[in-house]
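**Student:** Sharing a structure, written as structure tokens. Questions coming.
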Amino acid sequence: MLNLTPVRPALAIALLAVHSAAAPLSPSPQGAAAEAATVGKASIKIANFNFGPAALTVPAGTSITWTNNDDDAHSVVADDKAFRSAPLDTGESYSFTFAKAGTYGYHCGLHPQMHGKIIVTG
Amino acid sequence: MTKNTDHAPADAGRRDAMKCMAWAGAGVLWTISGGVASSVLATGADAAPRARGSLDFVQISDTHIGFDKAANPDTLGTLREAIAKIQALPVKPAFMIHTGDLTHLSKADEFDTVDQMLKAVNVPVFYTPGEHDTLDEGNGKLFLERYGKGTWGTGWRSFDVSGVHFIGLVNVVNLNPDGQGHLGPEQIAWLAKDVAHLSSSTPIVVYAHMPLFDAYVPWGWGTVDAQQALMPLRRFGSVTVLNGHIHQVISKVEGNLSFHTTRSTAYPQAAAGTPGASPGPLKVPADQLRHVLGVRDITRLHGRGALALVDQTLA
């Protein structure tokens, strides 16, 4: 389920620091800048009206992909509205790259009782 | 606060509701059949006979057009059956209220299909959105373009028919991580003002998609600011609150307020809080599906405050 790229070159971290000053949160994959800063990947499964894992810790620059495995539609919306997916029907995915350290709470835009949290380490 | 007037087709609903009002007061032909008095609309030969002084309308909900998963691969078929049930009612309803989740994914063609199919009933339809109807990039812009004329804000409205004051609320837009539906301060202020001039004996019908009472909060089946919003309605003798969202009938009475959720025409959901279940589409044996889908017929007889609700399944 968790699919992290373990090694981050020091150069990538340096580039990331420069980049994150300009755009701390960029949508992915549309944001080309965010693509360049992506140093790893992780995935979260949406199943049985839960985000799994509900809390996930990743290094800065990680692109996270949510995939909906439920028969109902879900979405991924930052609690502070910094990112928002389109509705995800069964089998559909959404990715977002977390460029900057911090804790990012999010919820499902259709079922706001569904909560998740991404902890991004520097 | 702005009233929505742009980008919407002509609102036949409001016009026809006004016609119903006029009809309730005048223009009625009385007929006696088998000792029972009933009336027909003087100008509409096709109008069905109805009981004296009554108001009949229908609540339909959660049609979820676009959904095609295991819980019901044929939501068009079951909607067609629901429409047939409405057409077969002994009294033709004056209008219908759709309490949201018309569509499954807020797609234009899904809205088109619902619109076309419900036209078959040939009565005005008042729509309020569900969270599945506000998934477009504009957070409900598509819905408002279609059904927003004559409404305020994100689509709330009020109107009067046969002495009953109807209030359509919207509690599904920009849902917060607080885990339930919400109305917001602007709509709450509008509601207080909307009813301020009404006599306390005016029967009130409120409708919205998500329950305006705590049906089951761990599954988000409530509205976080409903108690505050409904405060100005507590002085009224009869307040009937109609909701959808949870795809099952639950009723609750709080003083003069009665709350009623209704069935979906698309798929059932688990009973509130069923251990191990989630509030998603529930697959039941095929021969059971029509026992858990349905529509609601609502009747008010003059001189009585309470409304009679008849929940009818598709079985």
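**Student:** Please enumerate, by chain and number, the lysines with C-alpha under 30 Å from the C-alpha of A:LYS45, excluding those fewer than 8 residues away in the same chain.
**Tutor:** Within the straight-line limit of under 30 Å, A:LYS45 reaches these lysines: A:LYS81, A:LYS100, A:LYS117, B:LYS69, B:LYS107, B:LYS141, B:LYS283.
**Student:** If you build the convex hull over the alpha carbons only and average its shadow over all orientations, what do you get for segment B:196-315? Give it in nm² to one decimal.
**Tutor:** Values: hull surface 32.9 nm².
It is 8.2 nm².
**Student:** For a quick protection proxy, order the peptides B:203-215, B:145-157 by their average other-Cβ count within 10 Å, most packed first. Don't jump to the answer; show the numbers that get you there.
**Tutor:** On the way: B:203-215: 24.3, B:145-157: 22.0.
Per-residue mean Cβ counts within 10 Å order the peptides as B:203-215, B:145-157.
**Student:** Does segment B:108-236 come out rounded, prolate or oblate, given a ≥ b ≥ c as the square roots of the eigenvalues of its C-alpha gyration tensor, rounded meaning a/c under 1.5 and, failing that, prolate meaning a/b above b/c? The partial results should precede the final answer.
**Tutor:** Numbers: a/c = 1.84, a/b = 1.15, b/c = 1.59.
Judged from the Cα gyration tensor, segment B:108-236 comes out oblate (a/c at least 1.5, b/c at or above a/b).
**Student:** Looking only at other chains, what is the average number of their beta-carbon atoms within 10 angstrom of each beta-carbon in B:278-284?
**Tutor:** 4
**Student:** Based on the alpha-carbon gyration tensor of segment B:163-234 and its eigenvalue square roots a ≥ b ≥ c, which shape applies: rounded if a/c is under 1.5, prolate if not and a/b is larger than b/c, or oblate?
**Tutor:** On the way: a/c = 2.43, a/b = 1.90, b/c = 1.28.
It is prolate, given that a/c is not under 1.5 and a/b is the larger ratio.
**Student:** Other chains' Cβ within 10 Å of A:109-118 residues: what's the mean? Present the calculation step by step, with values, prior to reporting the outcome.
**Tutor:** Working: counts 8, 9, 8, 13, 13, 6, 2, 1, 0, 0.
The shielding value for this peptide is 6.
**Student:** Hey, with R₀ at 25 Å, roughly what FRET efficiency would B:SER200 and B:VAL91 work out to, going by the Cβ-Cβ distance, to 0.05?
**Tutor:** Details: r = 29 Å, r/R0 = 1.14.
The calculated FRET efficiency here is 0.30.
**Student:** Rank by packing, highest mean first: peptides B:177-185, B:55-63, with packing defined as the count of other Cβ atoms within 10 Å averaged across residues.
**Tutor:** Values: B:177-185: 20.3, B:55-63: 26.4.
Peptide ranking by packing, descending: B:55-63, B:177-185.
**Student:** Just tell me which lysines come within less than 24 Å, Cα to Cα, of B:LYS92; anything on the same chain fewer than 8 places away is out.
**Tutor:** By straight Cα distance, B:LYS92 reaches B:LYS19, B:LYS119.
**Student:** Enter the mean number of other protein chain beta carbons within 10 Å of the beta carbon of each residue in B:96-105, as an integer. Can you show the working numbers first?
**Tutor:** Working: counts 0, 0, 0, 0, 0, 1, 0, 0, 4, 5.
Mean shielding count: 1.
No lab work stands behind these numbers, since they all come straight from the coordinates. In this text, all values refer to a predicted model and were calculated from it rather than measured experimentally. Using ideal geometry, Cβ is built from the backbone for each residue, glycine included, and neighbour counts are taken over all protein chains shown.
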